[in-house]
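Contents: one structure, followed by commentary.
Any read-out appearing in this document is the output of simple, stated calculations on the displayed coordinates, not a laboratory observation. This is a predicted model, so every value here is computed, not measured. Glycine gets a Cβ as well: all are built from the backbone with ideal geometry, and neighbour counts include every protein chain shown.
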């Protein structure tokens with residue numbers, strides 16, 4: 001086909017293929033163990049799959065309502081009421097989305113206009129900043145403190161201006177596995193009080209939290225909840241990332257704005273999957289033990305590295321573990337990640353790719369949402385370096 005000869009002014013200059021696609025392709029090309037992209041290599045619950053089949057056979061295969069099927073919205077409302085003691089109205093305050101990334105993009109589009117500022121914490125998951133920029137906003141980066149990746153409360157208040165419209169938080173945090181504490185949320189509540197600021201809280205790993213810690217959802221803080229959207233993901237919760245089913249919770253006024261955009265971005269998400277998940281989360285046993293399940297995998301992975309030259313950084317949530325390789329090499333993170341996949345057949349993600357300026361601390365992110373045999377093979381290979 002002949003190439004387009006007109007002028008294209010890109011909305012995202014300097015943006016290419018994501019680091020996840022790059023490293024996964026390298027893993028495939030080099031027949032490497034892929035601990036880069038965050039997806040499980042173990043099966044989805046047979047019971048959940050059967051429920052999807054059930055609703056497919058029942059004929060529920062056409063468009064769902066724009067806001068999502070009612071049984072799922074009601075089930076989510078009950079889940080949050082049971083867990084956090086907060087009730088979201090299934091009709092006016094809950095919306096099902098085609099995954100969390102779509103939810104993030106739609107939320108940013110709803111509240112960021114030309115010239116508005118959005119604050120994100122880096123290292124940051126890579127979909128936040130592009131969504132702000134596409135909508136004409138200015139991204140301001142607040143750096144989490146290395147090596148524990150805590151919020152710098154001297155820096156953050158100075159970043160807030162009359163143009164600040166959005167603050168995006170993520171806990172448990174991808175890529176670091178750090179967890180926002182109750183005191184952090186109280187300080188954020190005070191910082192945003194009586195300001196025209198919306199908080200976007202990415203909580204897709206809310207059930208994957210370890211070491212006896214408790215997830216501090218924004219919904220637990222009344223003044224913060226009034227200005228916040230909570231984003232969740234059933235793909236993360238039920239090991240089904242390919243189903244792309246997420247949700248958003250928000251007060252009615254914010255949800256009305258979200259839905260204005262949502263209806264033109266995707267309108268609705270997978271119908272039989274929504275009905276199946278609604279049934280599945282009726283039983284708390286299907287999700288309340290996820291923290292223990294993934295902590296066991298984290299601990300198995302870490303134990304396997306005891307004789308390695310890698311330094312393990314604390315990871316209190318998500319299914320990612322950061323490893324410091326500074327005792328092994330002085331290569332840049334990207335160069336070391338390439339070397340690792342080519343020479344030792346292990347794929348990971350350089351954390352520098354989550355920073356706007358490529359901050360390099362000599363650490364890589366490894367996904368431990370894998371079968372034990374996969375993790376055992378990976379740790380054996382890493383320990384030989």
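What the table shows:
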{"quantity": "Ascending count of other beta-carbon atoms within 10 Å, so fewest first, for 114, 93", "calculated": "114, 93"}
{"quantity": "Distance between region 318-385 and region 1-78 - C-alpha centres, whole angstrom", "calculated": "24"}
{"quantity": "Gyration tensor verdict on region 1-75 (Cα atoms; rounded if a/c is under 1.5, prolate if a/b is larger than b/c, oblate otherwise)", "calculated": "oblate"}
{"quantity": "Mean separation of Cα contacts under 8 Å, 6 or more apart, over the residue count of region 158-302: relative contact order %", "calculated": "20"}
{"quantity": "Antiparallel content of DSSP bridges confined to region 46-285, in %, to 5", "calculated": "30"}
{"quantity": "Selected from 216, 62, 356 as most flexible by GNM, with the chain as the system and alpha-carbon contacts under 10 Å", "calculated": "62"}
{"quantity": "Footprinting exposure proxy for 116, 211 (fewest neighbouring C-beta atoms within 10 Å first)", "calculated": "211, 116"}
{"quantity": "For region 36-173: relative contact order, % (alpha-carbon pairs under 8 angstrom, 6 or more apart)", "calculated": "18"}
{"quantity": "Residue with peak Gaussian network fluctuation, the chain [Cα springs, cutoff 10 Å], from 296, 124, 276", "calculated": "296"}
{"quantity": "Ranked 164, 15, 245, criterion: other C-beta atoms within 10 Å, fewest first", "calculated": "15, 164, 245"}
{"quantity": "Percentage relative contact order, the chain, counting C-alpha pairs under 8 Å, at least six apart", "calculated": "24"}
{"quantity": "Cα gyration tensor category, rounded, prolate or oblate, for the chain with a/c compared to 1.5", "calculated": "rounded"}
